[in-house]
Amino acid sequence: MVEQVNSFAIKTKNVSVHYGNKMAIDDVTINFTKNDVTSLIGPSGCGKSTFLRCLNRMNDVIESCKVQGEFLLNGVTDIYGDSIQVETLREKIGMVFQKPNPFPKSIFENVAYGPKIHGLASTQSELNDIVMESLNRAGLYEEVKDRMDDIATGLSGGQQQRLCIARAIAIRPEIILMDEPCSALDPIATARIEELINELKEKYTIIIVTHSMSQASRISQRTAFFHLGKLIEHGDTSKIFTKPDKEQTNDYITGRFG
Amino acid sequence: MIYFALLILVIISYLFYFVGKKRALNLKFNGNIKLSSQPDYFGYYVVLMALIPALLMWFGLLLFKGNFQEMFVMSPILFPDISTWSDGKLGLILNKLNNLSVIVNLPLDDLTNGEKSILNMASENELTAAKKLANFDKIYGWSNLTLFIIFPIILGFLATRSISGKLNAQPIVEKIITYIIKGSSYIAILITIGIFLSLVFEAINFFRYVNPVDFFFSTGWNPNRAFVVDASEGFDKDDLENAFGFIPLLTGTLLIATVAMIVAIPLGLMSAIYLAEYASKRVRDIAKPIIEILAGIPTVVYGFFAALSLAPFIKDVGESVGLPVSAESALAAGLAMGVMIIPFVSSLSDDVIKAVPQSLRDGSYALGATRSETIKKVILPAALAGIMGSFLLAVSRAIGETMIVVMAASLRANLTFNPLEPATTITTQIVTSLIGDVEFDNPKTLVAFALGLTLFLMTLLLNILAITIVKKYREKYE
Amino acid sequence: MNSLNKRLSAEKRFQAYGLFAVALSMFFVLILMWKIFSTGSGAFVRTTIEANVFFNPDFIQVNQNSLEKELYRASYVALADEVVRQNHPKLNEEQFIKVREMYTRKFDYQLRDYLLDNPDKIGQSIIMKITASSDLDQIVKGNYPRDVPEAQRKINDYQLSVLDKLTSEGKVSSVFNFWFFTKGDSRDPESAGIWGAVMGSLYALIICFSFAFPIGLLASVYLEEFVKPGKVTDIIEVNINNLAAVPSIVFGLLGLGMLIGVIGLPYQVPLVGGLVLGFMTLPTIIIASRASLRSVPPSIREGALAVGATKMQTVFHHVIPLSLPGTLTGTIIGMAQALGETAPLLMIGMVAFVMEIPGGPLDPATGLPSQIYLWSESAERGFLEKTSAGIMLLLLFLIIMNTAAVVIRRRLEVKW
Ligand SMILES: Nc1ncnc2c1ncn2[C@@H]1O[C@H](COP(=O)(O)OP(=O)(O)O)[C@@H](O)[C@H]1O
Ligand SMILES: [Mg+2]
């Protein structure tokens, strides 16, 4: 049993989220296993992003958003508790957004920013190493190595998104949250990102929101299906996509609604 | 001296940034202590700790320098009758001493003739006081400078010492910066309060001399009646009667503003309509910036133009048709002001007209209405509230405008509604009463603040009214 | 059918009114510019009279070895008179006074300045172009008519005859008027310059910027990034909007009543002028800066927060730098308005006769617009062209500042 606890990167229990009076997440309990890719699927507006953003407290900045429930990092640290600062938490749980959002600075600066503010490098050469390694892992290094000082917003959409992934992994997180990272990209760029996710899962726990069921089935080991703010079903991807327990899940994956 | 001190302060804080950061890095790598903030923040921490008290102190010393000077030199031994002096006289003497103190210790050879005669005219006691003042200034300057260097160095040193593994600098620094940011945003409110207080305070002083009822309702304006050699001797009540009557200023202001609006409203509104509804893009791109140049020209230029060209021109034209026109007619000032306000009216009206939804226009065109009919019958009525709001803003502009009327309108109060006659305005009289000797114990000076307060309240009222109307209008079409 | 024609001609008339309004407004711009340029261009040249100057060491009582201080104090007034006598021999006393009047009263300064630059010329004779008096200058420029009765002229018949003689000898010439750009104010139009006022305005603008830019920027950061919308922001917002519409003269009264009256800052100095202009500019900067901050997309803030930056770091590392071009544009436009503001300067005394070029924000000074006002109030014709030339310079500065604002907006502003 003890072993089981430690194998969860994040455990949540009875999570509810309101925007003002409007309920967005209704009593969700779900645990995310370490070094797995977990897909969150469901029709748009069902609360996937909302739930994802609770995990690294990105919802804190939204005035009207109220989060209730229990969130444990590595089974012990209360994510919303006093024992961890929100900045440190986000150092451990990185995030990649739906629309690529590189800073309008140089490619190098984009990746180096996180390590700089967290003091992860004490010399310039250490910083260079971190940037290089992160870009490498994000599969971008070869494409940009000659123009590290170019402004990042000049990159193509797919490159920008990989840069954002490099930026996220440069601070050595344990978990990476991705909110529909491919929805703004063309199929080729999407394929590259999916490849990348496959490689990254060796080192990181990845939780990804996607509206594409084929993508979920290609990249994830576990899948969670949300509907109208509720978690309908959660399990191994193969099981969810072949013989789901719930009728609603079945309807959704066979395209009867959503 | 001040610049030198500020420069040193900048250098000191720059150095302390590195000292703080260095110490943090030392602890981290040599002492193997885990820091709770990034080394940079320890640098910022030390700088803020050293700099803020020093700056506050400097500000305080600057504020109270006059008081210190007074304490140091204005002793009853040198000036036996000092206790009977008014504040104004004290200020004057102190000013004189300040001027003397600059030259009193210089060798006679280096002085110009003017400076020599100043020295010769000063009394023995004044010279002694001036020497004392020169001494004081020297000591004050040097002690200021030393304090400026030593005080922050000590504080910075203490702050550096306090850096340890336990000190979490980042939240402290961020807290201080939050306070600074918050303070900045309150300054706008402080300025408003400052305006209000300084106007009210001096206006009350004015109303000690002049009855408010007299001021607001009498029709005579002869501030020179308050001319006295020494204001501290007091004033004769009879002299001040009918000396400060607000009514002719108000009518003059309104007369000139009316002329201005008669020029600006049709021209501004029609320009806006033409450019928004008729003009091709090319015409618009050329005409709009040119009209906006009118808004960028400083008002002193309009004033010069009005006084130099417009007024004589109007006088000549008037006389050629047998009309007696004053050389300082309200018409000239009003016309110049109207031209100045055209772009103001046109750009505000433009915004308002653009806010009218296309669906309203389409509805009218669908009924077969021509463009001008659509504009007159549909767009203007729909935009009426917004346009009225922008007119009110323009009126408030006109009432508060100063330079044009100072240069082109008359100084003589004249209760008239004839634009060919001279008229004076509130702003003109504020300027006139403050040019020359400013004596805070003479109603001749103080009336400027009473007029200023009235003007402030008038424009405030107009602005609030206008902003409310425009806001309501905007909401209607959003 | 008839009614349709009527409607169509009404349409035409309406359109014509509009065109007329636009054309008239543009006409005003043209006539204003034309008037300024036609009266002001004369100020850039000044009339000079060639004269033979002998720096007689006995007369000015200095020699080649004299110290600079002694050179400075030598008796140039007497030398000036002597130069006039030598160049116009055989004058009786009455004629001498008239001829002396044809030269500038600052003759002695011109001699002094020359000698200070060229001390080796002591004991030598040189040809110098001596500045003519303003009245003569105006006659030569044709601004004063010659063909009116003598009583209506500032230059009398005798002086005219001397002028004509000098002209025929080729001694009268026009040179570029450097003095206008390098000197402070003067009672004599021919030696009055704008530089003191330019420096006064410059110091005032530096103070204005140092006050209004940081405070405006930080205030807008607080309002946009740190505080929840509510009562406090509402009050500040209403307050800023109203402040932006307060007449400038009222700000001047604030400067006089508060800064000078209560706090005790000196009268007549750019420090106070700059602070008052800063108070006026603050709302403009805050409004521009808030708009600029709002245009930075939230995704940038999320990106920074997601890598663990604090709110403060997010704002200072990312949001402010990205909003800066917009804020700067607003600041420059605000400062351009401040540069043209005259009324507040009048209130705080920056409208006096100041000959010296101010050396800092605590020296007595005038500002560019208040200098223009001062000159415009002078009766002498010579100051008329100075006024217009001052206006031309002011407009030039305004054009430069507004162009800079446009360039910053085009070049630096990040498009999203
Ligand atoms: N900032 C917000 N304020 C108010 N309601 C929001 C906000 N963000 C999301 N919502 C609402 O919460 C619900 C869930 O949204 P979201 O989590 O974005 O859904 P998904 O990502 O699954 O499409 C939706 O109904 C949405 O309208
Ligand atoms: Mg979503």
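The values are calculated or read from the model by the stated rules, or taken from the named source; none is laboratory data. What you see is a predicted model, and the numbers here were worked out from it, not measured in a lab. Reconstructed Cβ throughout: ideal geometry from the backbone, glycine too, with neighbour counts over all protein chains shown. What goes into the accessible areas is simple: the full protein's heavy atoms, side chains included, and nothing from ligands, DNA or RNA. Shrake-Rupley method; radii C 1.70, N 1.55, O 1.52, S 1.80 Å.
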Considering residues that are outside any strand (DSSP E or B) and within 14 Å of residue A:14 (Cα to Cα), the number found within region A:57-78 is 0
Wholly inside region C:1-94, helices (runs of 4 or more DSSP H) that include 2 or more residues that are surrounded by 11 or more Cβ atoms within 10 Å (Cβ to Cβ) and of a type in the set (Gly, Ala, Ser) are C:2-40, C:76-87
Listed by first then second residue, the pairs whose first member lies in region C:260-273 and is more than 11 Å from chain B (Cβ to nearest Cβ), whose partner is of a type in the set (Gly, Ala, Ser), with beta carbons under 6 Å and at least 6 positions apart or on separate chains, are C:270/C:200; C:270/C:204; C:270/C:365; C:272/C:255; C:273/C:204
In region B:422-444, residues that are part of a loop (DSSP other than H, G, I, E, B) and either within 12 Å of chain C (Cβ to nearest Cβ) or farther than 13 Å from residue B:253 by Cα (or both) total 9
Per the filter on region B:293-309, residues buried (at least 24 other Cβ atoms within 10 Å of the Cβ), at the interface with chain C (Cβ under 10 Å from one of its Cβ atoms) and among the hydrophobic types (A, V, I, L, M, F, W, C) are B:300, B:301, B:304, B:305
Filtering region B:445-467 down to residues that are more than 10 Å from every other protein chain (Cβ to nearest Cβ) and either among the hydroxyl-bearing types (Ser, Thr, Tyr) or touching a strand residue (DSSP E or B) at 6+ places or on another chain (Cβ under 9 Å) (or both) yields B:447, B:450, B:454
Taking region A:23-32 and the residues there that are under 22 Å from residue A:64 (Cα atoms) and either of a type in the set (Val, Ile, Thr) or within 14 Å of another protein chain (Cβ to nearest Cβ) (or both), the one that is nearest to ligand 1 (Cβ to nearest atom) would be A:25
Filtering region A:84-98 down to residues that are in contact with a strand residue (DSSP E or B) (Cβ under 6 Å, 6 or more places away or on another chain) and either open to solvent by 30 Å² or more (accessible area, probe 1.4 Å) or not in a loop (DSSP other than H, G, I, E, B) (or both) yields A:93, A:94, A:95, A:96, A:98
Considering region A:33-61, residues that are β-branched (Val, Ile, Thr) and within 13 Å of ligand 2 (Cβ to nearest atom), and then whichever is farthest from the other protein chains (Cβ to nearest Cβ), we arrive at A:41
Over region C:106-129, the set of residues within 17 Å of residue C:193 (Cα to Cα) and either touching a residue at least 60 places away in the same chain (Cβ under 8 Å) or not assigned by TED's automatic domain parsing to the domain that holds residue C:162 (or both) is C:106, C:109
Qualifying residue in region A:169-190 (condition: within 14 Å of chain C (Cβ to nearest Cβ), away from ligand 2 (no atom under 16 Å from the Cβ) and part of a helix (DSSP H, G or I))
yes
Taking region A:83-100 and keeping only residues that are away from ligand 1 (no atom under 16 Å from the Cβ) and within 19 Å of the chain's Cα centre (by Cα), one is left with A:86, A:87, A:88, A:89, A:90, A:91, A:92, A:93, A:94, A:100
Region C:172-267: helices (runs of 4 or more DSSP H) wholly inside it with 3 or more residues that are modelled with pLDDT of 90 or more, within 26 Å of residue C:385 (Cα to Cα) and open to solvent by 30 Å² or more (accessible area, probe 1.4 Å) are C:195-221
* Mind checking whether some residue in region A:229-236 is touching a Cys at 6+ places or on another chain (Cβ under 8 Å), within 15 Å of ligand 2 (Cβ to nearest atom) and at positive phi? -> yes
Given (1) within 16 Å of ligand 2 (Cβ to nearest atom); (2) in contact with a Phe, Trp or Tyr (Cβ under 8 Å, 6 or more places away or on another chain); (3) not acidic (Asp, Glu), residue A:101 misses just (2)
By residue number, the members of region A:19-28 that are under 11 Å from residue A:230 (Cβ atoms), more than 16 Å from ligand 2 (Cβ to nearest atom) and open to solvent by less than 70 Å² (accessible area, probe 1.4 Å) are A:26
Taking the criterion of being open to solvent by 20 Å² or more (accessible area, probe 1.4 Å), assigned to a helix (DSSP H, G or I) and either touching a residue at least 24 places away in the same chain (Cβ under 8 Å) or out of contact with any Gly (no Cβ under 6 Å at 6 or more places or on another chain) (or both), would at least one residue in region A:99-111 satisfy it?
yes
Of those in region B:253-292 that are in contact with a Pro (Cβ under 8 Å, 6 or more places away or on another chain) and within 12 Å of residue B:339 (Cβ to Cβ), the residue farthest from the other protein chains (Cβ to nearest Cβ) is B:259
Could you please let me know if residue C:379 is away from every other protein chain (no Cβ under 11 Å), of a type in the set (Gly, Ala, Ser), surrounded by 24 or more Cβ atoms within 10 Å (Cβ to Cβ) and not in a helix (DSSP H, G or I)? no
Of the candidates A:54, A:46, the one satisfying the condition of being in a helix (DSSP H, G or I), within 16 Å of ligand 1 (Cβ to nearest atom) and touching a residue at least 12 places away in the same chain (Cβ under 8 Å) is A:54
Check: Residues in region C:350-370: is at least one in a helix (DSSP H, G or I) and either open to solvent by 20 Å² or more (accessible area, probe 1.4 Å) or touching a strand residue (DSSP E or B) at 6+ places or on another chain (Cβ under 9 Å) (or both)?
Finding: no
When every residue in region B:313-362 that is among the polar types (S, T, N, Q) and over 25 Å from residue B:389 (Cα atoms) is compared, the one least open to solvent (accessible area, probe 1.4 Å) is B:329
Note: among C:336, C:304, just one is open to solvent by less than 30 Å² (accessible area, probe 1.4 Å), at pLDDT 95 or above and within 9 Å of chain B (Cβ to nearest Cβ), namely C:336
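Okay, residues lined up against (1) within 11 Å of ligand 1 (Cβ to nearest atom); (2) farther than 27 Å from residue A:160 by Cβ:
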site	(1), (2)
A:21	yes, yes
A:38	no, no
A:74	no, yes
A:81	no, yes
Looking across region A:173-194 at residues that are without any contact (Cβ under 8 Å) to a residue 60 or more places away in the chain and of a type in the set (D, E, K, R), the single one that is farthest from residue A:47 (Cα to Cα) is A:192
Among residues of region A:62-71 being surrounded by fewer than 19 Cβ atoms within 10 Å (Cβ to Cβ) and more than 14 Å from every other protein chain (Cβ to nearest Cβ), the residue farthest from ligand 1 (Cβ to nearest atom) is A:70
